[in-house]
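Q: So that we are looking at the same thing, I have put the structure below in structure tokens.
The values are calculated or read from the model by the stated rules, or taken from the named source; none is laboratory data. No experiment lies behind these values; they were computed from the predicted model shown. Cβ placement follows ideal geometry from the backbone for every residue including glycine, while neighbour counts extend to all protein chains displayed.
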């Protein structure tokens, strides 16, 4: 609540600085009877931005850091006998204190926790006052300094340009840092996993049978022993992706060709958005379409042919996933096919090719890199897809190439491992991160390769 | 073929001799519409056998549109409607029975911007013979490619790198490659739509020389912005203005003694 009021205050004051800068520029014009370097509102924007941005920076540093500082300080208030006791865990103690601060009290906590919470509360008030004062000082000094800068020679338009550029650069840095942070969080947990399970067993083992440690301890003989061979999972992912591609590549590519080469502009305007609606359907919906409609249909039609199709099969999941990624392929391919210059088509027609010959021998080869890239992007989409496989492909880690059996994929295993209660120390939980890391590496590799393919052949017809 | 009366009607509009003794292509009272817009207005003209004729006129006068009527390239534009009659060797090309694909093989086209396919030089030239099945075997195809490149004056420059991409050539070489590609299907007529407008003077000179030589074997219709080019390469010249064919005549006469005052205004640089 405090933060909200403080932020509002900061925004109001920076608006106020906008007016100040604006008026000063107006007055300068009146005084000197000549035009300034920039339009007057640029002086206002300059003033308000240079007051606002440093203050926001200070504000965020203070809000993020105070909890960390308190956590260090509160250690002094933990009695020695607690620290020396056998199952002392600072994180848990800290959580107890925090709960007490927020008024979440279960039973009667020890006296020292209540005391620490009281002290914590007083720190919060002090830090809030401190934050407010520092923010006020920052906003007033930086605003005043920028206000002072405004005189008839000052080029505020260029200064605003620089500030805007900085904002843009910072935004992109934040996006990149987040990606890196995600990867690192996965990497660190994976390292913990590989400390428990050797990586060659993980990468090359052919049996996936994770068990909780409890089950392992209680387990009788081999049954309870965990095995972390990821090959069945990746094989399942691979199998389902292949089925999905068999569906989506022909349909997506052919519909892209139809839309860009054969359809009249009216048909195109009607069909293209319809096709793209497919991309907007949540994957959960595809999931129950696969599990409730496609899988039973496959099962009953399979039994008519004398085939035994499991009620959860790779085929059902792959077919529906293929439908899901059609729009990725068709939309991207349509774009690259449209980007093939009309002059190449004219040349083909001028030599007496039919439309089909022109498309197959001239347009598609010219658009091929883009088409390949769209397929690779679709593959990485298929590999990362979760909901459909969780719902339709089953969870049995069978190492099989038979699409009629139940298989499981990397993503659906991650979901089943991380859903529900877990011990974070166990290899089973950590294995999810190792799987995620492998998956990230594979999809990143494919995306890089797709970009590389596009870049390599881009100049060909330009 | 319409009646003599219709021919006379267009004679009233066009100055000079629109007819040719041994005509290959005949256009009679051709109108072209883009939607509501009339782009070509009642044009009648003959194009003789092994004759180089140039179409000149200010931008937007319809000369390119008219050129594209001869191989029905305008079919690809939805809103385009063509009236009148165009015939090759007295066969109406807009007849419903005519198959447009072999027609375009008989009437080749070279475009304004060099547009080689993103394939090798060899495949560029071999494209036409391949789709029309003109070669019996690989050797024959090699011969066709070599012969076409030689006629287009490109053989010496590219004979050692036939498998490198056609798009890697210079602008002038690319345009000669496009000409080689067009003559590889042995057309009877070659239409050229401002073939030199994207080229530098030296490359232009080479193409012009080439047109001169090809004029001994093919009928060539060339649309050009440059009056000097028309004067250099063609024996006959047709002047278009606002969709109308104003004057046709021997190139020499058009440029020295134009009969129509609009032609004179254009030649002397007053319009255009």
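Q: Within segment B:40-63, identify whether any single residue is within 11 Å of chain A (Cβ to nearest Cβ) and within 21 Å of residue A:343 (Cα to Cα), and answer yes or no. Outline the logic, then answer.
A: Filtering segment B:40-63 down to residues within 11 Å of chain A (Cβ to nearest Cβ) leaves none.
Within segment B:40-63, not a single residue is within 11 Å of chain A (Cβ to nearest Cβ) and within 21 Å of residue A:343 (Cα to Cα).
Q: If I go through segment A:250-275 residue by residue, how many of them are surrounded by 15 or more Cβ atoms within 10 Å (Cβ to Cβ), more than 17 Å from residue A:363 (Cα to Cα) and away from every other protein chain (no Cβ under 14 Å)? Let's see the steps before the verdict.
A: If we filter segment A:250-275 for residues that are surrounded by 15 or more Cβ atoms within 10 Å (Cβ to Cβ), which is where we start, we get A:251-253, A:255-261, A:263, A:268, A:271-272, A:275.
Of the ones still in play, those that are also more than 17 Å from residue A:363 (Cα to Cα) are A:251, A:268, A:271-272, A:275.
Filter once more, so that each one left must be away from every other protein chain (no Cβ under 14 Å): A:251, A:271-272, A:275.
Within segment A:250-275, residues that are surrounded by 15 or more Cβ atoms within 10 Å (Cβ to Cβ), more than 17 Å from residue A:363 (Cα to Cα) and away from every other protein chain (no Cβ under 14 Å) number 4.
Q: Tell me the helices (runs of 4 or more DSSP H) entirely within segment A:348-462 that contain at least 1 residues that are crowded, with 22+ Cβ neighbours inside 10 Å, touching a helix residue (DSSP H, G or I) at 6+ places or on another chain (Cβ under 6 Å) and within 14 Å of chain B (Cβ to nearest Cβ). Show your work before the answer.
A: On the way: elements: A:364-384, A:387-392, A:410-418, A:427-458.
Where helices (runs of 4 or more DSSP H) fall fully within segment A:348-462 and carry at least 1 residues being crowded, with 22+ Cβ neighbours inside 10 Å, touching a helix residue (DSSP H, G or I) at 6+ places or on another chain (Cβ under 6 Å) and within 14 Å of chain B (Cβ to nearest Cβ), they are A:364-384.
Q: So which residues in segment B:249-272 are in contact with a strand residue (DSSP E or B) (Cβ under 7 Å, 6 or more places away or on another chain) and either without any contact (Cβ under 8 Å) to a residue 12 or more places away in the chain or surrounded by 16 or more Cβ atoms within 10 Å (Cβ to Cβ) (or both)?
A: B:249, B:251, B:254, B:258, B:260, B:262, B:263, B:266, listed by residue number.
Each row is one residue, and each column tells you yes or no for (1) surrounded by 11 or more Cβ atoms within 10 Å (Cβ to Cβ); (2) within 30 Å of residue A:12 (Cβ to Cβ).
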| residue | (1), (2) |
| --- | --- |
| A:76 | no, no |
| A:83 | yes, no |
| A:97 | yes, no |
| A:106 | no, no |
| A:132 | yes, yes |
| A:143 | yes, yes |
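Residue-wise test of (1) touching a helix residue (DSSP H, G or I) at 6+ places or on another chain (Cβ under 6 Å); (2) over 13 Å from residue A:127 (Cα atoms).
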| position | (1), (2) |
| --- | --- |
| A:42 | yes, yes |
| A:49 | yes, yes |
| A:52 | yes, yes |
| A:64 | no, no |
| A:67 | no, no |
| A:89 | no, yes |
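Q: Also: Can you find even one residue in segment B:196-214 that is within 22 Å of residue B:108 (Cβ to Cβ), surrounded by 16 or more Cβ atoms within 10 Å (Cβ to Cβ) and within 14 Å of another protein chain (Cβ to nearest Cβ)?
A: Checking segment B:196-214: at least one residue is within 22 Å of residue B:108 (Cβ to Cβ), surrounded by 16 or more Cβ atoms within 10 Å (Cβ to Cβ) and within 14 Å of another protein chain (Cβ to nearest Cβ).
Q: Taking the stated definitions as given, is residue A:339 out of contact with any strand residue (DSSP E or B) (no Cβ under 7 Å at 6 or more places or on another chain), within 14 Å of chain B (Cβ to nearest Cβ), crowded, with 22+ Cβ neighbours inside 10 Å and closer than 30 Å to residue B:68 by Cα? Please lay out each step first, then the result.
A: On the way: out of contact with any strand residue (DSSP E or B) (no Cβ under 7 Å at 6 or more places or on another chain): yes; within 14 Å of chain B (Cβ to nearest Cβ): yes; crowded, with 22+ Cβ neighbours inside 10 Å: no; closer than 30 Å to residue B:68 by Cα: yes.
Criteria not met by residue A:339.
Q: With the condition being surrounded by fewer than 20 Cβ atoms within 10 Å (Cβ to Cβ), I'd like the strands (runs of 3 or more DSSP E) fully within segment B:18-65 carrying at least 2 qualifying residues. Outline the logic, then answer.
A: Values: elements: B:23-34, B:37-48, B:52-56.
Result: B:23-34, B:37-48.
Q: Search segment B:120-150 for residues being facing chain A (nearest Cβ under 8 Å) and either surrounded by fewer than 20 Cβ atoms within 10 Å (Cβ to Cβ) or at pLDDT below 90 (or both), and hand back the single one that is nearest to residue A:345 (Cα to Cα).
A: Step one: filter segment B:120-150 for residues facing chain A (nearest Cβ under 8 Å), giving B:127-128, B:131-132.
Right, trim to either surrounded by fewer than 20 Cβ atoms within 10 Å (Cβ to Cβ) or at pLDDT below 90 (or both) and you get B:131-132.
Values: B:131: 15, B:132: 17 Å.
Applying the filter and picking the extreme gives B:131.
Q: Would you check if there is a residue in segment B:238-248 being at positive phi, in contact with a helix residue (DSSP H, G or I) (Cβ under 9 Å, 6 or more places away or on another chain) and in contact (Cβ under 8 Å) with a residue 12 or more places away in the chain? Talk me through it step by step, then tell me what you get.
A: Within segment B:238-248, the first condition is being at positive phi, and the residues that meet it are B:242-243.
If we keep only those that are in contact with a helix residue (DSSP H, G or I) (Cβ under 9 Å, 6 or more places away or on another chain) as well, we get B:243.
Subsequent filtering for residues that are in contact (Cβ under 8 Å) with a residue 12 or more places away in the chain retains B:243.
So far as segment B:238-248 goes, yes, one or more of its residues are at positive phi, in contact with a helix residue (DSSP H, G or I) (Cβ under 9 Å, 6 or more places away or on another chain) and in contact (Cβ under 8 Å) with a residue 12 or more places away in the chain.
Q: Restricting attention to segment B:151-171, which residues are in contact (Cβ under 8 Å) with a residue 24 or more places away in the chain and away from chain A (no Cβ under 14 Å)? Step through it out loud before you land on a result.
A: Step one: list which residues in segment B:151-171 are in contact (Cβ under 8 Å) with a residue 24 or more places away in the chain, which gives B:151-154, B:158, B:161-167, B:169-171.
Result: B:151, B:152, B:153, B:154, B:158, B:161, B:162, B:163, B:170.
Q: Still on this structure, please answer the following. Restricting attention to segment B:81-109, which residues are touching a helix residue (DSSP H, G or I) at 6+ places or on another chain (Cβ under 8 Å) and more than 14 Å from chain A (Cβ to nearest Cβ)?
A: Those that are touching a helix residue (DSSP H, G or I) at 6+ places or on another chain (Cβ under 8 Å) and more than 14 Å from chain A (Cβ to nearest Cβ): B:82, B:86.
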